[in-house]
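Worksheet: one structure, shown below.
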Amino acid sequence: MEKKAFVTKGQIEEIVKDYPTPFHIYDEKGIRENAKALKEAFAWNPGYKEFFAVKATPNPRLIGILREYGCGTDCSSLTELMLSKAMGIPGTDVMFSSNDTPMEEYVYAAKMGATINLDDITHIDFLEKAIGSLPKTMSCRYNPGGYFSISNHIMDNPGDAKYGFTTEQLFEGFRILKSKGVEHFGLHAFLASNTVTNDYYPMLAKTLFEVAVRLKEETGAHISFINLSGGVGIPYRPDQEPNDIQKIGEGVRKVYEEVLVPAGMGDVAIYTELGRYMLAPYGHLVTKVIHEKHTYKEYLGVDACAVNLMRPAMYGAYHHITVLGKEDAPCDHKYDVTGSLCENNDKFAIDRMLPKVEVGDYIVIHDTGAHGHSMGYNYNGKLRSAELLLKEDGGVELIRRAETPADYFATLDCLDVYHNLDL
Ligand SMILES: *Cc1c(COP(=O)(O)O)cnc(C)c1O
């Protein structure tokens, strides 16, 4: 599928008058249409709920838009819980799917009434020590081990992942929780990341539904929800076929009717914790070309760097690039597109074919709406960029300001920065 930017050169030239590059900009219209389609795809399940994975894009303005479509939040740290609470999200709409969890985070989650999704059997005792008696509703994260394959293609390797209960532990865990007064159970698993196939959720659902039936039969636990977690991906590459959420929803429905309904479990709510799928395509990192360098290779130096988008440097991930104003020009030049970190992996693209680029051109790096700004960091003293919202009416709203040097120095209480630098 051809990848098109949702902003034009003309729009960016206007926006940079108020907000200098680099920045992430999000497309409200795209976010709304996608959230609506997800809701419709699972409307067959009366209890369905998406808990947006906050870590993907922890911006309250964007989460507020998702709330309009019934989304709650999925948190895995204290500050993500605090963000949800600060937004006024009730605990019933908050899932706490953490791992290696510090005690105070369990205490906070329990206090706000979030649903706690345990990552390990030893956390039952740990949680009890932290909060006293257990909540009436508890969830457990399942890791079936081995490889997770779809039609002979290995999707991921859960057996090598740090998350979740083994099958044996799951049954034992449910029995222990039940003996400690838990009345409603949830089951969760995240077995493959960024899947670009309509079969992932239905396959995962089948695995979870079958275990759920056995858990009910063997432990007598009442399973009230099954959480398919995240992992539905997006086509980062133009040659990838996007997922069809309608088909995915139907696929899950089919398995639900085959496995859960005959077992008398037709009241189970389906939950999801999508992050990437909800927002990634609706974010762009906009950056300006500030240098051209001709050495052993051709380099374009831009004013963003890996602190603004870590995925290419960290995972070698592909992010599509559009040179604004040159959308229709032939891609007949080969470039490495680099940031300014003193790290040779600070490249947004390697050997990428692009139109001939000039200093001053604006570049859009696609699919940065999730796991983009949120993975930002301050290496080399770089500052995190602003986040902007391109509204449906075409207006632009600043939804997170850019960091300033004062933010960078804010934790150095020993340094009289304000006095010495006159900030
Ligand atoms: C990261 C994460 C998600 C979201 O994953 P995506 O790939 O963004 O959909 C959901 N649940 C848990 C527990 C996670 O760690």
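The values are calculated or read from the model by the stated rules, or taken from the named source; none is laboratory data. Remember, predicted model here, so these are calculated numbers, not experimental data. Positions of Cβ are generated from backbone atoms using ideal geometry, with glycine treated the same way; all protein chains shown enter the neighbour counts. Areas reflect the complete protein model, heavy atoms only, side chains present, ligands, DNA and RNA absent. Shrake-Rupley method; radii C 1.70, N 1.55, O 1.52, S 1.80 Å.
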Would you point out the residue of region 56-72, among those that are touching a strand residue (DSSP E or B) at 6+ places or on another chain (Cβ under 8 Å), within 16 Å of the ligand (Cβ to nearest atom) and outside any loop (DSSP other than H, G, I, E, B), that is nearest to residue 188 (Cα to Cα)? 72
Inside region 272-329, can you point out the residues that are outside the structural domain of residue 391 (by TED's automatic domain parsing), of a type outside the set (Gly, Ala, Ser) and assigned to a loop (DSSP other than H, G, I, E, B)? 273, 274
Report yes if some residue within region 213-233 is free of Cβ contacts under 8 Å to residues at least 12 places away in the same chain, part of a loop (DSSP other than H, G, I, E, B) and either assigned by TED's automatic domain parsing to the domain that holds residue 118 or farther than 30 Å from residue 367 by Cα (or both); otherwise report no. no
Inspect all residues belonging to region 339-360 and state whether any of them is open to solvent by 20 Å² or more (accessible area, probe 1.4 Å) and within 24 Å of the chain's Cα centre (by Cα). yes
Please go through region 306-351 and pick out each residue that is closer than 16 Å to residue 2 by Cβ and touching a residue at least 12 places away in the same chain (Cβ under 8 Å). 318, 319, 320, 321, 322, 323, 324, 326, 327, 329, 330, 331
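Would you kindly identify the strands (runs of 3 or more DSSP E) lying entirely within region 82-179 that contain at least 1 residues that are within 16 Å of the ligand (Cβ to nearest atom), among the charged types (D, E, K, R) and touching a strand residue (DSSP E or B) at 6+ places or on another chain (Cβ under 7 Å)? Reasoning before the result, please.
Working: elements: 94-97, 115-118, 137-141, 148-150, 153-156.
Per the criteria, 137-141, 153-156.
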Checking residue 413 against (1) out of contact with any helix residue (DSSP H, G or I) (no Cβ under 6 Å at 6 or more places or on another chain); (2) part of a loop (DSSP other than H, G, I, E, B); (3) in contact (Cβ under 8 Å) with a residue 24 or more places away in the chain, only one condition comes out false. Which one? (3)
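Considering only residues that are part of a strand (DSSP E or B) and either at pLDDT below 95 or touching a helix residue (DSSP H, G or I) at 6+ places or on another chain (Cβ under 6 Å) (or both), which ones fall in region 334-380? Quick ask: steps written out before the conclusion?
Step one: list which residues in region 334-380 are part of a strand (DSSP E or B), which gives 334-338, 347-354, 362-365.
Residues satisfying the conditions are 348, 362.
Search region 188-204 for residues being of a type in the set (Ser, Thr, Tyr) and open to solvent by 10 Å² or more (accessible area, probe 1.4 Å), and hand back the single one that is farthest from the ligand (Cβ to nearest atom).
Narrowing region 188-204 to residues of a type in the set (Ser, Thr, Tyr): 193, 195, 197, 200-201.
Next cut, open to solvent by 10 Å² or more (accessible area, probe 1.4 Å) only: 193, 197.
Details: 193: 5, 197: 14 Å.
Looking at the filtered set, the residue picked out is 197.
Do we find that residue 56 is crowded, with 21+ Cβ neighbours inside 10 Å, among the hydrophobic types (A, V, I, L, M, F, W, C) and touching a residue at least 24 places away in the same chain (Cβ under 8 Å) in this structure? Outline the logic, then answer.
Numbers: crowded, with 21+ Cβ neighbours inside 10 Å: yes; among the hydrophobic types (A, V, I, L, M, F, W, C): yes; touching a residue at least 24 places away in the same chain (Cβ under 8 Å): yes.
Yes; evaluated as a whole, the condition is true for this residue.
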